[in-house]
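Asks: Okay, here's the structure, questions in a sec.
No lab work stands behind these numbers, since they all come straight from the coordinates. Treat the numbers as computed from the prediction; the structure is a model and nothing was measured. When we count neighbours, we look across all protein chains shown, and the Cβ atoms used for this are built from the backbone with ideal geometry, even at glycine.
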Amino acid sequence: MAEMTPRKRALLCVTGNKRRADRISCMDTLTTCTVDQMNAVKAPFPEANRDPELAFKLAAAAWEVIGLEGFKLPFDLCVEAEALGCKINWGRIDRHPSVETHVFNDLKDLKIPDDIVERGRFPLKHDVELRLRKEYGDYLPIVNQVTGPFTVAGHIFGIEKFCIWTKKRPLADVREALMQISEMNIADCKKALKSGTDVVCIADPSATSDILSPTFFKEAMLPVYQNMAKKIGAPIVLHICGNTSSYLPFIADTGFDAFSVDAQVDPGFAKAIVGDKIAIVGGVPTITALLFGTPQKVKEAAIDAIKKGVDVLMPSCGIPPRTPTENFKAMVDVARCMVYV
Ligand SMILES: [Zn+2]
């Protein structure tokens with residue numbers, strides 16, 4: 001029997017059907033770029049975030065250099081804020097771009113142009129996705145990442161101010177702003193799906209329990225995420241950084257296919273809370289194992305994550321740029337050797 005393609009395997013695993021796959025997938029829906037890969041394919045940050053040729057090479061490096069079973073674009077979380085007019089600090093080879101200025105003073109100032117996905121680097125992202133599909137055919141999955149509504153709100157209003165509003169302003173007004181931002185994410189995903197992508201990753205790192213209460217999450221974030229789940233029309237993975245334990249029952253009700261847990265959340269605990277309502281992906285700690293560990297330590301962490309039931313084996317957060325290739329590859333090796341018994 002022919003081997004299952006990584007694309008088929010990833011689509012089964014990310015939608016909670018890993019038992020129908022030949023083995024666990026190691027598609028990484030979060031940021032995969034490391035300095036080693038940039039040097040190997042001569043596509044370094046910060047240029048690779050803005051140059052289509054370099055972006056293509058660096059996206060492909062996830063598979064070509066590390067063996068990760070999928071591609072993901074973009075590499076940073078500033079595409080939305082930049083298209084809305086924020087000034088971007090482009091960082092350097094080992095530092096991701098960041099947002100420098102905010103563009104709206106108040107919730108009522110929020111205005112998202114109808115042609116937003118034609119602005120800034122949205123077209124670059126969609127063009128590179130299309131090129132990956134053309135050059136690699138249907139063999140590997142392509143993940144379209146969007147910066148989630150809460151994180152974009154922090155970028156365009158300023159995170160401190162927006163956090164205060166989550167407590168002081170009428171909940172309906174705050175939710176409405178997040179809902180408007182989610183419509184931009186949905187338009188982006190519709191375009192990306194036409195450009196050959198298979199999976200959506202909503203990276204909403206700022207929507208963490210270090211910042212938000214479970215009540216706000218339930219009453220504001222949950223309906224916004226449910227709106228996205230209803231309208232996007234592709235498998236969706238949500239990633240939120242930090243300790244999300246108190247949100248897990250609500251995350252299970254988003255309608256998303258998978259939740260990517262950060263290192264503070266034990267995947268076994270997460271599985272026990274969400275049951276089969278949503279897949280749990282991740283499990284390999286980015287700092288203690290991938291960045292500062294050894295290949296052996298990464299392998300042990302990966303085996304532990306699989307034992308605890310993760311549906312896709314991947315890092316617990318975006319990969320730190322200085323992660324050694326031998327550590328990153330050790331994670332992939334475990335997935336490749338894993339056969340269900
Ligand atoms: Zn994270």
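Asks: Work out, step by step, the length gained on full extension between residue 19 and residue 112: first 0.36 nm times the residue separation, then minus their alpha carbon distance; give nm to one decimal.
Replies: 29.3 nm
Asks: Based only on the alpha carbon positions, what is the Kirkwood hydrodynamic radius of segment 198-323, in angstrom? The partial results should precede the final answer.
Replies: Working: mean 1/r = 0.0680 Å⁻¹.
So the Kirkwood estimate lands at 14.7 Å.
Asks: On to the next question. Once amide H atoms are placed 1.01 Å from N in the peptide plane, what residues at a sequence separation of 5 or more from residue 314, or on another chain, have their amide H within under 5 Å of its amide H?
Replies: Amide H neighbours of residue 314, under 5 Å, 5+ apart: 282, 283, 284.
Asks: Please compute, over every Cα-Cα pair in segment 106-260, the percentage with a separation greater than 28 angstrom.
Replies: Values: 2405 of 11935 pairs.
Considering segment 106-260, 20 percent of its Cα-Cα pairs are separated by more than 28 Å.
Asks: Output wanted: per-residue J couplings in Hz (rounded whole) for segment 39-47, from phi through Karplus 6.51 cos²θ - 1.76 cosθ + 1.60, θ = phi - 60°, x for Gly and Pro.
Replies: Each residue of segment 39-47 in turn: 5, 5, 10, 6, 9, x, 5, x, 4 Hz.
Asks: Obtain the nm distance between the two label points defined at residue 219 and residue 53 by a simple spin-label model: each point lies 7 Å from its Cα along the Cα-to-C-beta direction.
Replies: Each label point lies 7 Å from its Cα, and together they span 5.4 nm.
Asks: If the reach is capped at under 19 angstrom between alpha carbons, list the lysines near residue 271, excluding any in the same chain fewer than eight residues apart.
Replies: 18, 307, 308
Asks: Another one. Put a dot 7 Å past each Cα toward the Cβ at residue 89 and residue 176; how far apart are the dots in nm?
Replies: Once both label points are built, they end up 3.4 nm from each other.
Asks: A follow-up question, please. Looking only at segment 296-339, which residues have a backbone nitrogen under 17 Å from a spot 7 Å from the Cα of residue 98 in the C-beta direction?
Replies: The answer is 318-322.
Asks: Quick one: grab the alpha carbon gyration tensor of segment 73-157, order the square roots of its eigenvalues as a ≥ b ≥ c, and give me rounded if a/c is under 1.5, else prolate or oblate depending on whether a/b is larger than b/c.
Replies: Details: a/c = 2.54, a/b = 1.71, b/c = 1.48.
Note, shape of segment 73-157 comes out prolate.
Asks: Just the C-alpha atoms of the chain: what Rg/Rh do they give, with Rh taken as the Kirkwood radius?
Replies: 0.94
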